[in-house]
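See structure below.
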């Protein structure tokens, strides 16, 4: 019988990994903290050492267990990858929140065959369908090194799945720095998906307009919205009329990309949109790594952004860097507010909103 380990981090994110071919299973586990990265390297040795007790493992957030993913899902995925007689499944149970879903890595020995996202929530299934459509559109536009959706459907017990291809191997590496490979992908996305259209008809306008209708949620949670109203006015004035817009991944980060054979492969397009100001993915990558990996404060993030625009990797990318930053910030605030089904903000969201609103203050003051 297959044996598994269960890893739970301080944010209550959980992974269930088969002990056999554990190094392959660990490809699904992508911690962002230094402690998590060190633990990932140590896990294959730790679970084999008799001197490390189960109590010791639990102190590290690791438990041994007998069960993996449900048998009906195993059978479904095995039928898709019928050429593999000994398929294994590793699972990430998802980021806690209203859009939580399970991600399954399907592998055979040391070979990763693909990935599957699973939910029982019909609203999340609509997100899966959106991602399927986005991937087809991007492929038709000539965007390279992205997944192909091979299943997006309902199956037993009112569950919904999104099954996709991958080129990931044990040799794939995750970068944590915005550099040439990342910028090449962003340029490709901007150039090959560019459209010319009225700003008022774009996905971007729809996003920032929705935020204006929901500012009361922020106000009810103690946030001042004055600067957000100023940013909205700035953007609607700047972008009015017919302009160029492009596809936007909207969550382009180290944990949604990897390098294989010198090429960057990008996945998780579930929140992607098609008509946005070009190159905002570069700002997202920079800000997300600054927040979650470097643990920088808003003033430090803004200083980093200015340095990168003046003499770093963002130099020459934006005609008006402050407008680009305001565009990014208003959209991500809108995204977090619009997807909620409650007016009460959890602590994690509140902390992020404080960072983004502070950054808006800096961008307006220097715009």
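Take residue 155 and residue 338, extend 7 Å from each Cα along the Cα→Cβ direction, and tell me the distance between the two endpoints in nm.
The modelled label-to-label distance comes out at 3.2 nm.
Pairs of alpha-carbon atoms within less than 8 angstrom and 6+ residues apart define the contacts here; what relative contact order does region 4-164 have, in percent?
On the way: 231 pairs, mean separation 32.0, N = 161.
That works out to 20 percent.
Between residue 198 and residue 3, what is the label-to-label distance in nm when each label sits 7 Å out along the Cα-to-Cβ direction?
6.6
Give the peptides 318-329, 132-143 in descending order of average Cβ contacts within 10 Å, highest first. If you can, show how the numbers build up before the last one.
Values: 318-329: 20.3, 132-143: 16.5.
In decreasing order of mean packing, 318-329, 132-143 become 318-329, 132-143.
Helix 321-338 versus the longest principal axis of the chain: what is the Cα-based angle in degrees, 0 to 90, to the nearest 10?
In the chain, helix 321-338 runs at an angle near 60 degrees to the longest axis.
With labels modelled as points extended 7 Å from the Cα through the Cβ direction, what inter-label distance (nm, one decimal) is found for residue 319 paired with residue 303?
It works out to 3.2 nm between the two label points.
Taking the Cα centre of each part, how many Å lie between region 295-337 and region 186-232?
Computed from Cα coordinates, the inter-centre distance equals 15 Å.
Quote the relative contact order of the chain in percent (integer), defining contacts as alpha-carbon pairs under 8 Å separated by 6+ residues.
Relative contact order comes out at 14 percent.
Quick one: helix 122-140 against the long Cα principal axis of the chain, what's the angle to the nearest 10°, folded into 0 to 90?
Once rounded, the angle reads 80 degrees.
Let me have the 222 nm mean residue ellipticity of the chain computed from DSSP H runs of 4+ only, each contributing -39500 (n - 2.57), with the sum over all residues rounded to the nearest 500. Mind showing how you got there, number by number?
On the way: 13 runs with 160 residues, N = 367.
-13500 deg cm²/dmol, from helical runs alone.
Can you tell me, using C-alpha contacts under 8 Å and at least 6 residues apart, the relative contact order of region 236-286 as a whole percent?
Values: 64 pairs, mean separation 24.4, N = 51.
Normalised by residue count, the contact order of region 236-286 is 48 percent.
For a label point 7 Å from the Cα of residue 224 along Cα→C-beta, name the residues of region 293-334 whose backbone N is under 17 Å from it.
Answer for this model: 298-299.
Angle, helix 226-239 long axis vs. longest principal axis of the chain, Cα atoms, 0 to 90°, nearest 10?
For 226-239 against the chain, the angle is about 80 degrees.
Based on other C-beta atoms within 10 Å, arrange 71, 144 from fewest to most.
Going from sparsest to densest Cβ surroundings: 71, 144.
Between region 30-77 and region 120-156, how many Å separate their Cα centres?
30
Values quoted throughout were computed directly from the atomic coordinates according to the rules given, and no laboratory measurement underlies them. Since we're looking at a predicted model, the values are computed, not measured. Don't worry about glycine lacking a Cβ; one is built from the backbone with ideal geometry, like all the others, and counts go over all protein chains shown.
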